[in-house]
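Q: Sharing a structure here in structure tokens format.
The values are calculated or read from the model by the stated rules, or taken from the named source; none is laboratory data. Since this is a predicted model, take the numbers as computed values, not measurements. We place every Cβ from the backbone using ideal geometry, glycine too, and count neighbours over all the protein chains shown. Heads up: the accessible areas ignore ligands, DNA and RNA and are worked out on the full protein's heavy atoms, side chains in. Shrake-Rupley method; radii C 1.70, N 1.55, O 1.52, S 1.80 Å.
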Amino acid sequence: MKRRFNVTGSCNPQWHYMVRLDDRVKKIKEEYVDYGSYFVINRGRQYGKTTTLRALAKYLRDDYIVLAMDFQMMSTANFADEQTFVRAFIRYIEDLASDQKMTAGIRDEDLQALIAMRQEEQTTMDDMFRALSRIIRTSDKKIVLMIDEVDSASNNQVFIDFLAQLRGYYLRREDTPAFHSVILAGVYDIKNLKLKLRSESEHQYNSSWNIAANFKVNMSFSISQIVDMLEEYETDHDTGMNIQEIAGELYQYTAGYPVLVSSICKCIDEDLPEESTYEDVASAWTSRGIEEAVRRILFERTPLFESMIRHLDDYPEMKQMFQEILFQGKAFSFNLDTKEISLAAMFGYAVSRNGKVQVANRIFETRLYNYFLSENELARSDSANLMGDAAVRDRSHFIHDGMLDMDASSCSI
């Protein structure tokens, strides 16, 4: 089966060129799951969370029963109230049980008792967790609960009640059977989840997930991982590219942000060979081809960039910080207790370098710079941003061939 680079949805090694996840899932199992940790994989959009979860679920099934769920598959209506959520959650487990391999090791009698609760009108969260605890007590293997896209439920009180139940059973698990490990995945850090349960002026921060272990596994692509991916591509296409050099350049532009690496590769593989300036795919896998692919990506509307602009509008303090970094060269100490810094890091737009806040990669820097310049140019008031005015005057100093000149800018990688 022919493979291609993927920038939409999760990756499958049979269909897509992708980095090898063996070391990553092995580390997650040995350092988190085997210790019975409850934790959150929170990374920016299109950072490989779902792909990692699916690979991890397969890897764990030799030693554990894995209940792998995706809250994106549950509608908003399923979170309307406690009873509705409980019925939807049980129905999801019933669907998982239809694949007997998924739930092999769970005693059927206990599983059917849980499923029967879906027909009861007043089944509560507590009732459901008691039934789950019975299942866990009698199962042949320890059970791991894995939930992707938890952001889909993050603004619902019923979800907070669900987290509270998980936390309660975790704290009592020496006496009451509980899930061995719980893995949640999403963009937002649930330990400091901003809830919109009240008006905008009454936002609060949730702390019902303060049991979570600090997840430290690096989800970015390393140069060596990019090399491995390109070697698989080269086996199929025989372009003669300098794999090590190409991998290094891809990393220099992206700092290993997964979807950006794949986007550049996809453009080089599929789009550039159709241009008259490139004789074939081999001539596109060069420094010139990478530069052209990056230039095209910078002018595309993508879910990742759309999220970035929306976040800048939603969090003006974060936006102001990036403006001052890019246009004034201002240094901010990387302190996650500071709201705008914590948000920027959580979304994947900022990282710590030498203890200072830096934009995460060259592509983000250039996209942000161009956005701020354009916004300033369209300003209709005499009180337009002075930093932007100065940047427009100095544009030729910073921008060359559509890319931010990293030597001239103050935020080089």
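Q: If only Cα atoms are counted, what is the Rg of the stretch 1-141, and what is its Dmax, in Å?
A: 17.3, 51
Q: log10 I(q)/I(0), Debye, Cα-only the chain, no solvent, q = 0.06, 0.08, 0.10, 0.13 Å⁻¹?
A: -0.30, -0.52, -0.78, -1.17
Q: Work out the charge dipole of the chain with +1 on the Cβ of Lys and Arg and -1 on the Cβ of Asp and Glu about the Cα centre, then indicate which of 64, 254, 220 is farthest towards its positive end.
A: The residue sitting most towards the positive pole is 64.
Q: Something else: Do you know the relative contact order of the chain, to the nearest whole percent, from alpha carbon pairs under 8 angstrom that are 6+ apart?
A: The normalised contact order for the chain reaches 16 percent.
Q: Let me ask something else about it. State the answer as a single residue: which of 9, 32, 85 lies farthest towards the positive end of the charge dipole of the stretch 1-85, with beta carbon charges of +1 for Lys and Arg and -1 for Asp and Glu, about the Cα centre.
A: Among 9, 32, 85, the one farthest towards the positive end of the dipole of the stretch 1-85 is 9.
Q: Continuing with the same structure: Using only alpha carbon pairs under 8 Å that are at least six residues apart, calculate the relative contact order of the stretch 1-135 and give it in whole percent.
A: 18
Q: Which percent of the accessible heavy-atom area of the stretch 1-153 goes to carbon and sulfur, probe 1.4 angstrom?
A: 44
Q: Please list, in order along the stretch 9-20, the HN-Hα scalar couplings obtained from phi with the Karplus expression 6.51 cos²θ - 1.76 cosθ + 1.60 (θ = phi - 60°), rounded to whole Hz, x for Gly and Pro.
A: Those phi angles translate into x, 6, 9, 10, x, 7, 10, 10, 7, 8, 6, 6 Hz.
Q: May I have the extent of the alpha carbons of the stretch 281-365 along their three principal axes, as whole Å values ordered from largest to smallest?
A: 48, 28, 22
Q: Magnitude of the Cβ-charge dipole of the chain, K/R +1 and D/E -1, about the Cα centre, nearest 20 debye?
A: Charge dipole, the chain, about its Cα centre: 1100 debye, nearest 20.
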